[in-house]
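The values are calculated or read from the model by the stated rules, or taken from the named source; none is laboratory data. Note that the structure is predicted; figures quoted are calculated from it, not measured. Cβ: placed from backbone, ideal geometry, glycine included. Neighbour counts: every protein chain shown.
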């Protein structure tokens, strides 16, 4: 309604602006010169009437938020009021304390040299142009903690239930069912989460496993996180450990996006007001205006792991200076001047029933400068002690590398003490010009070295004078009906298997129009030479027009089995004909696989999407395996507002299988319960009571339910999120003033409620007259209390009103005096799905009846 009011006033002013400055403007069309406010606005050139309006605020052309702005008359103009809270929120360096003015006082930003303030009444935007020298310097992406939303108090539950029934040709029928639950509650800034599972299979007793219980919260002033219960440590210094206890950690997610992950500090000197541009691989990744003198850019983000940075300084006279800064990064590195820490105390957690030790751990990482990041840690338990230290280096053109040394003293189950060393090296390099990304990790362990996990396992596996190793057979891998027959075997060794070397290689090579080549190799060797394990994957992907294809080779070996290799070819082609195929996004997928253990397998599948939002997926699959014969599968999956469901049937020469599953989420809040999709990090509860079946932008298949609720499964914590309703879904008699909600900043795991104010009623075009005369343009129509505004009088005394009801008494007001308002009553309005009523009414003076 504000927008309509401002737009009508802008039309009037447009007529004024077409007159020559020395010409007299005819104000007769106003009809009633007692309308002094509108008269002054037009004759004096005001672009907006005094009052409070919702405006979108831009700071140096970057949208900040939407807030209510007071406009007041100053001298011969109407201007926005910049009060103390305005200045504080946008961190403008203007002293508001010198004159000891009240908090509601309005300040003149143009007192700052070079500062400008512009607003557009029609678009309801206010742009502040403030030189950087008068702004508190925050990193790019900085969000004031005042905007953080800890969300509502609520219960949350994610569920996933699956059931399978097998009919075997050679054995008894079997069935299995499972239920996975992940939920908890939010209370203020505290988050409690629980993860549990239920399993039941034929011939086995039902089991319930309570896997995780954790209570946590953020400590915003410290940019840290506190966890109580079941959690795990980071793996940057020591190997990651599952534990039950207490953990206090720095939280990088609470930093501005410009300070997250490693990037070098860029320094230089500008001779004038200059533009600094930073490019990587010819792509612009940063741009900033700087004042004359030395400058420092510490919030560079959005760059690749490595690749030279080109810094270009464009002076105000057009001269350009360029220099290069080599850059590379690996996960251990942090920015210069930053640090990362973690303090942990608790009990080691493992699936075994052995006695589990209590321990304490401390790790610390410091960004020493652009090139060096030292890190260290200490871990202590009853029979185990370890220290570790290392450094990460940025080697510029040569990439980035980290190296660390760990020492551990462990007391074995037998009482013998072992002292060992471990060396670990990480390397990363991106050659952007060649399209190459490579990551290497290698470790070497002395025969006496035990990681903390190894030390716990050594004691748990000691059984009657030997170490017990358990493993499962894989004979039923090609016959799901015999999955219940998979047996666990034991192997006993007089010595514990200590790792000797371990390495991982990840290579990704982009070949332009020739496709993409990748390789992932991992290998672990033990001091007992006859045992090792590895997993090698090499593949190539490309496309010919719309046909996408991929080739791959895989070779794997576990501790107690021989190696098994497989090679395969995948083909995928969208089908355009007949026309119905294109309408339903039909895709043909074909694959050929040869495995050393199961022989050759050929498969063909057709998949398609159905329904308006294409949230019903169906697939038909047929194939033949050299070992298990023919097989056939048909399945369907539905993604709905209140959850997901899938069902399928599989047929093979050796078995028949019927399977089904459901999954979703339940959110219980102070006004009821809402079913939806499974919820992850920081879900958003939408409330729009009075509306239903309105879709949510950028959320496939999601719309408001009958009560006006919907759940967005996740959002980005400590960042601005946007929620918008689809305008075209609004019915004729539903009105929502603000369809878009910006600047939603949830904390981690917060459940934020976004409320839309929904109004229902009729639309009406009314021709008003007051004492036989037309009302002035700009006259406001509201209820008799002045709380709700329904429209604005335009030219010819016409007003388009929305959200009104039959028999409602309305007030037309063009000033604050008693003789500057009148009242009228609406008759019985017709019910219609489209269009609006049009009628003429007399507005009467005096009190409303």
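A few notes on this one:
- Some residue of segment 180-189 being assigned to a strand (DSSP E or B), over 21 Å from residue 230 (Cβ atoms) and in contact with a strand residue (DSSP E or B) (Cβ under 9 Å, 6 or more places away or on another chain): no
- In segment 314-354, the residues that are at pLDDT below 75 and in contact with a helix residue (DSSP H, G or I) (Cβ under 9 Å, 6 or more places away or on another chain): 325, 326, 327, 328, 352, 353, 354
- Residues of segment 475-508 that turn out to be at pLDDT below 75, assigned to a loop (DSSP other than H, G, I, E, B) and loosely packed, with under 15 Cβ neighbours inside 10 Å, as a count: 3
- Single residue of segment 785-823 satisfying the filter (touching a residue at least 60 places away in the same chain (Cβ under 8 Å) and in a loop (DSSP other than H, G, I, E, B)) that is surrounded by the most Cβ atoms within 10 Å (Cβ to Cβ): 814
- Applying the criterion of at least 1 residues that are at pLDDT 90 or above to the strands (runs of 3 or more DSSP E) found wholly in segment 191-289 leaves 207-219, 224-232, 242-250.
- Taking segment 700-738 as the range and being in contact with a helix residue (DSSP H, G or I) (Cβ under 9 Å, 6 or more places away or on another chain) and part of a strand (DSSP E or B) as the test, the residues that pass are 703, 736.
- Hits in segment 385-401 (condition: closer than 30 Å to residue 310 by Cβ and surrounded by 22 or more Cβ atoms within 10 Å (Cβ to Cβ)): 392, 394, 399, 400
- Residue within segment 152-171 that is free of Cβ contacts under 8 Å to residues at least 24 places away in the same chain, over 30 Å from residue 672 (Cβ atoms), in contact with a strand residue (DSSP E or B) (Cβ under 9 Å, 6 or more places away or on another chain) and not in a loop (DSSP other than H, G, I, E, B) present: no
- Condition broken by residue 819, with the remaining ones in (1) at pLDDT below 85; (2) at positive phi satisfied: (2)
- Taking segment 328-413 as the region of interest, the strands (runs of 3 or more DSSP E) fully inside it that hold 3 or more residues being without any contact (Cβ under 8 Å) to a residue 40 or more places away in the chain, over 23 Å from residue 446 (Cβ atoms) and touching a strand residue (DSSP E or B) at 6+ places or on another chain (Cβ under 9 Å) are 358-366.
- Output for segment 739-754, where each listed residue is in a loop (DSSP other than H, G, I, E, B) and over 30 Å from residue 804 (Cα atoms): 747, 748, 749, 750, 751
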